[in-house]
1. Students often check this: by mean Cβ neighbours within 10 Å, which of 12-19, 74-81, 256-263, 102-109 ranks highest, and how do the rest follow?
2. What is the antiparallel percent of DSSP beta bridges lying wholly in the chain, to the nearest 5?
3. What is the packing order of peptides 121-131, 333-343, taking the mean over residues of other C-beta atoms within 10 Å and listing the highest first?
4. Is the shape of segment 6-86 best called rounded, prolate or oblate, per the rule: a/c under 1.5 gives rounded, else a/b larger than b/c gives prolate, else oblate, with a ≥ b ≥ c the square roots of the Cα gyration tensor eigenvalues?
5. Counting C-alpha atoms alone, how compact is segment 107-168: give Rg to one decimal and Dmax as a whole number, in angstrom.
6. Send over the Kirkwood Rh of the chain, from the inverse of the averaged 1/r over different Cα pairs, rounded to one decimal Å.
7. Taking the Cα-to-Cβ direction at Asp209 and at Glu359 and moving 7 Å from each Cα, how far apart do the two end points lie in nm?
8. For the chain, what is the charge dipole size about the Cα centre, in debye to the nearest 20, if Lys and Arg each add +1 at the Cβ and Asp and Glu each add -1 at the Cβ?
Amino acid sequence: MTTAESVTALTRHLLAFDTVNPPGQEAASMRFCAAALEKAGFACRLIDHGADRAGLVATRGDRPGLCFSGHLDTVPLGQARWSHPPLGGEIVGDRLYGRGSSDMKGGVAAFIAAAQQTAAPASVILTSGEETGCEGARWLAEAKALPPARGMIIGESTDNQPVAGHKGALWLDLVTEGVTAHGATPELGRNAIAAMAPTLARLARWQPDHAHPDMGRATCNIGTIRAGINTNSVPDRCRLGLDLRSVTGVGHDGLRQEVRAQCDAGVGIETLLDLPAVWTDPSDPWFDSACALVLQHTEHRELRPSVNYFTDASVLQPAMQVPVMILGPGQVDQPHVTDEYVRVSRLVEAVALYAALIEAPV
């Protein structure tokens, strides 16, 4: 079987597992990956998370090697009609279609195929629950199941261009409370939307004043507003959802205080998600060597410093204290879209890159 046949077969098999999160239900796909890695000489440990969910930690060899990390859950399909079956893995020309093909079952398949072609020490961390806030990575870290490693590849979508980091994510809910009453007698109530309005107006004009030379600026997006039970009642609660994207060197406690300064008294703040930015100095010996190897074998002439999406590295890098490169066959514009696809040529290229990185001496 050729590399193209092997990696496309693995990708299509993974796409056939319905791991839309919620609910996830990644356990069956984890067992499939464990069986494939065991054939490549890995000792596999499945960590049960309950509700048909699991994580996988696989190791090969008696010393730390390259570690690969990926997730097997996917986002929902969306309301738009797909032109290709989202679990079907149809191939049209150079494109292999399916939910998760780019984000990031194609990357997982490419690493498994690379592992089958090599014998050097290596490890694999596959997680559930990444799409809803890196829950699976946190469960594995809390279980103290993470292996030692000399460097880590996160196989998210980069078009096989090496990336040194990504922004952090801080999601906050701002909450105001009111008193409900009939909409015909609003003077008998206290309107929670009206209480939120001055804060909303300030935040609509505000952005954090932080920047990083490679990651760009920190940002704040007003993503949701939820209030009221019906038109003819005074709303007694209003929730405003903020999505803040941080850059390395900016603490999230400080960002919360900056948001607090924009809020009226009486506005509550609840944290929904808190994932730090990820950054590896490109001059790190492992990263520098790995980056040179990748650039030597792809059309890319330089690394891409940063991406805006978050990855499991927000949890894994602090827990493992290891340099991280984000490197995967998917295109940056493909995750979460209708008719998501990965290029077969990029899958084949990723297998060669991952195999070379596994066998690299540094």
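1. Details: 12-19: 21.0, 74-81: 13.4, 256-263: 15.4, 102-109: 30.2.
Descending packing order for the listed peptides: 102-109, 12-19, 256-263, 74-81.
2. Just about 75 percent of them are antiparallel.
3. 121-131, 333-343
4. Values: a/c = 2.54, a/b = 1.71, b/c = 1.49.
Cα axes put segment 6-86 in the prolate bin.
5. Final numbers for Rg and Dmax: 13.1, 35 Å.
6. 21.7
7. Each label point is offset 7 Å from its Cα along the Cβ direction, giving 5.4 nm.
8. 120
The values are calculated or read from the model by the stated rules, or taken from the named source; none is laboratory data. A quick note: this is a predicted structure, and the numbers were derived from the prediction, not measured. All Cβ positions, glycine included, derive from the backbone under ideal geometry; neighbour counts span all protein chains shown. Surface areas here come from the heavy atoms of the whole protein model, side chains and all, with no ligands, DNA or RNA. Shrake-Rupley method; radii C 1.70, N 1.55, O 1.52, S 1.80 Å.
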